[in-house]
1. Can you tell me the order of 68-81, 196-209 when each peptide is scored by its average per-residue count of other Cβ atoms within 10 angstrom, highest first?
2. How big is the Kirkwood radius of segment 154-275, worked out from every pair of different alpha carbons and given in Å to one decimal?
3. Taking 7 Å along the Cα-to-C-beta vector as the label spot, tell me the residue 220-residue 171 distance in nanometres, rounded to one decimal.
4. Roughly what would the spin-label model give for residue 45 and residue 193, points 7 Å off Cα along C-beta, in nm?
5. Would you mind ranking 65, 188, 127 so that the residue whose beta carbon has the fewest other beta carbons within 10 Å leads the list?
6. At a Förster radius of 35 Å, what calculated FRET efficiency corresponds to the Cβ-Cβ distance of residue 154 and residue 92, to the nearest 0.05?
7. Among 157, 169, 239, which comes first, then next, by fewest other beta-carbon atoms within 10 Å?
8. Please report the antiparallel percentage of DSSP beta bridges with both residues in segment 154-275, rounded to the nearest 5.
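Please treat every number below as a calculation from the coordinates, not as lab data. The structure presented is a predicted model; accordingly, all values stated were derived computationally and were not measured. All Cβ positions, even for glycine, are placed from backbone atoms using ideal geometry, and neighbour counts span all protein chains on display.
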């Protein structure tokens, strides 16, 4: 009996230690990673990341620590998420409880106006609690040299007129279309090798021949909302021979709702086309 009491006492002591240690670890994590979005916590205390002076005509890199506080692995899609921002997560797969780095490259084009400038940072993953995470980088643009402008003189460079589109609130069953405009502002021909789209989205028109320097073309997509409901976040991956940004991430966002039965229109079950 004495041995049993001793064993129980040791087990209770160990459990108390483990619980206390987990509380301490949790507090440390909250201090080191105060911003939590879905399963990922960041070493910044706000979705608005304020940086100081940034010279135009140059690329400035920022690094942030991250941790997977969830119970499942999270895989990230690295690439360019808008004209100015490229995001790389290292490693690209964070197992539960593991830490990593978020590397953000901000290219401040020389033609940007000086002064305060805000740009969105989009993080794409298979985190089931928040597959899309949005932060905002706020900087003050100042005069700089234009040494990077020469780089694009001898390479292809893919630029989209926009990188994310919010199609708002749609009734389920609608078919809508959206067009992205692609420009090659480099000096070599630009080749779009592959366009990856998720289920429910189709490529209607895309470049099949080389895009010559300063030539424009389109990527037109069809979004079918049939069978969908709720908030929608879709990722389109565009692969090209742009050596600096071989993968561009485009986003389509919105929500789909169902008519109540007593308000259901006659064409609820049919496709309705709408252009954007």
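1. Numbers: 68-81: 18.5, 196-209: 13.5.
In decreasing order of mean packing, 68-81, 196-209 become 68-81, 196-209.
2. On the way: mean 1/r = 0.0641 Å⁻¹.
With all distinct Cα pairs of segment 154-275 included, I get 15.6 Å.
3. 2.5
4. For residue 45 paired with residue 193, the spin-label model returns 4.4 nm.
5. Details: 65 14, 188 18, 127 22.
Result, fewest neighbours first: 65, 188, 127.
6. Values: r = 30 Å, r/R0 = 0.84.
In this case the efficiency is close to 0.75.
7. Details: 157 20, 169 9, 239 16.
Neighbour counts put them in this order, fewest first: 169, 239, 157.
8. 75
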